[in-house]
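Structure record follows, encoded as structure tokens.
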Amino acid sequence: MPEDFFRRALLPASLVQASVPFAHILFDPARPIGAEAGQGLARAPEQPPGIFFSIWALIFTAMIGFAIHAALRDDHLARRMAVPLTLAALLGTAWMLIEQFLPASPAGFIVLVALAVSAGWAAGRFEAMRGLGGSPAKFLADLASGLLAGWMSVAVAISLPDLIRGPAGLGASDAVWPMLSVVLVTALVAAWLARRLVSASPWFAIAVIWGLVGLAVNNWWATRLHLLSLACLAAAAYVGWDWFRAAPRRRARKS
């Protein structure tokens, strides 16, 4: 069965994905994923500091942990989650290779969108099983799918200005308010829709908040655009408020 194939393929796909970010070490002139572009006012307002990309380590760990479970246990959870997570791992591998070796390629954005869709698919599949009891495997599945879907929402949002700046002839420090507005509106709409239509996972909200805080840090200390930084913090606060506001209703429906 296809589900059984993906259940077995998830572990090698996850391990390859976790190793790909280090490809730039072996090959020149590849660049690290999330490499900083410009300093100070020459930086784009939607460029998070490199430390914020460390969320990938937690995503990789959760995916590998769940993949080990899927390889050892042929249960409903493994079969339901293996297909979208394997697809996400393969797309993640492709996107990271493009980011390192062909960072200016438009193919990167296309693959990124496909990755975000597959991550949302995984988060939605887990959401359908959220109230059916708990286990370490379910925690890992929720952590992996929720963080990945949330972080990919941010990744798509911060990639959109690159599609605008080139054709418009804008530099990284030009039209900072319009470019950041595109990012914040996209991230907020994605978070709002995801909570209502895809997943109520706290990890989704945490990943989005993490990305928005990264933008705030960038604009406070690097670009010195303090009003933009406050706008990012306000967006992060809204995502957290929107999720926690709905938490009592979710508990009431389960009781």
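The values are calculated or read from the model by the stated rules, or taken from the named source; none is laboratory data. Note that this is a predicted model, so its numbers are computed, not measured. When we count neighbours, we look across all protein chains shown, and the Cβ atoms used for this are built from the backbone with ideal geometry, even at glycine. With ligands, DNA and RNA removed, areas are computed over all heavy atoms of the protein, side chains included. Shrake-Rupley method; radii C 1.70, N 1.55, O 1.52, S 1.80 Å.
Can you say whether F109 is within 22 Å of R31 (Cβ to Cβ), without any contact (Cβ under 8 Å) to a residue 60 or more places away in the chain, in contact with a helix residue (DSSP H, G or I) (Cβ under 9 Å, 6 or more places away or on another chain) and open to solvent by 40 Å² or more (accessible area, probe 1.4 Å), as far as the supplied structure shows? The answer is yes for F109. Scanning segment 222-238 for residues that are open to solvent by 10 Å² or more (accessible area, probe 1.4 Å), in contact (Cβ under 8 Å) with a residue 40 or more places away in the chain and not hydroxyl-bearing (S, T, Y) gives A222, R224, L225, A231. Return the residue satisfying two criteria in turn: it lies in segment 141-185 and is hydroxyl-bearing (S, T, Y) and surrounded by fewer than 24 Cβ atoms within 10 Å (Cβ to Cβ), and of such residues it is nearest to S229 (Cα to Cα). So, considering only residues that are hydroxyl-bearing (S, T, Y) and surrounded by fewer than 24 Cβ atoms within 10 Å (Cβ to Cβ), the one nearest to S229 (Cα to Cα) is S181. Under the condition of being closer than 16 Å to G108 by Cβ, at pLDDT 90 or above and of a type in the set (A, V, I, L, M), the residues counted in segment 1-43 number 2.
Taking the criterion of being assigned to a helix (DSSP H, G or I), over 12 Å from L85 (Cα atoms) and charged (D, E, K, R), the only residue of segment 128-144 that qualifies is K138. Among residues belonging to segment 112-133 that are under 22 Å from A190 (Cα atoms), open to solvent by 30 Å² or more (accessible area, probe 1.4 Å) and of a type outside the set (F, W, Y), point out the one that is modelled with the lowest pLDDT. The qualifying residue modelled with the lowest pLDDT is R130. Which of the residues belonging to segment 61-92 are open to solvent by 20 Å² or more (accessible area, probe 1.4 Å) and over 20 Å from M129 (Cβ atoms)? Those that are open to solvent by 20 Å² or more (accessible area, probe 1.4 Å) and over 20 Å from M129 (Cβ atoms): T61, I64, L90, L91. When D174, D162 are checked against the criterion of being among the charged types (D, E, K, R) and in contact (Cβ under 8 Å) with a residue 40 or more places away in the chain, a single residue qualifies: D162. Listed conditions (1) free of Cβ contacts under 8 Å to residues at least 24 places away in the same chain; (2) crowded, with 18+ Cβ neighbours inside 10 Å are all met by I55, apart from (1).
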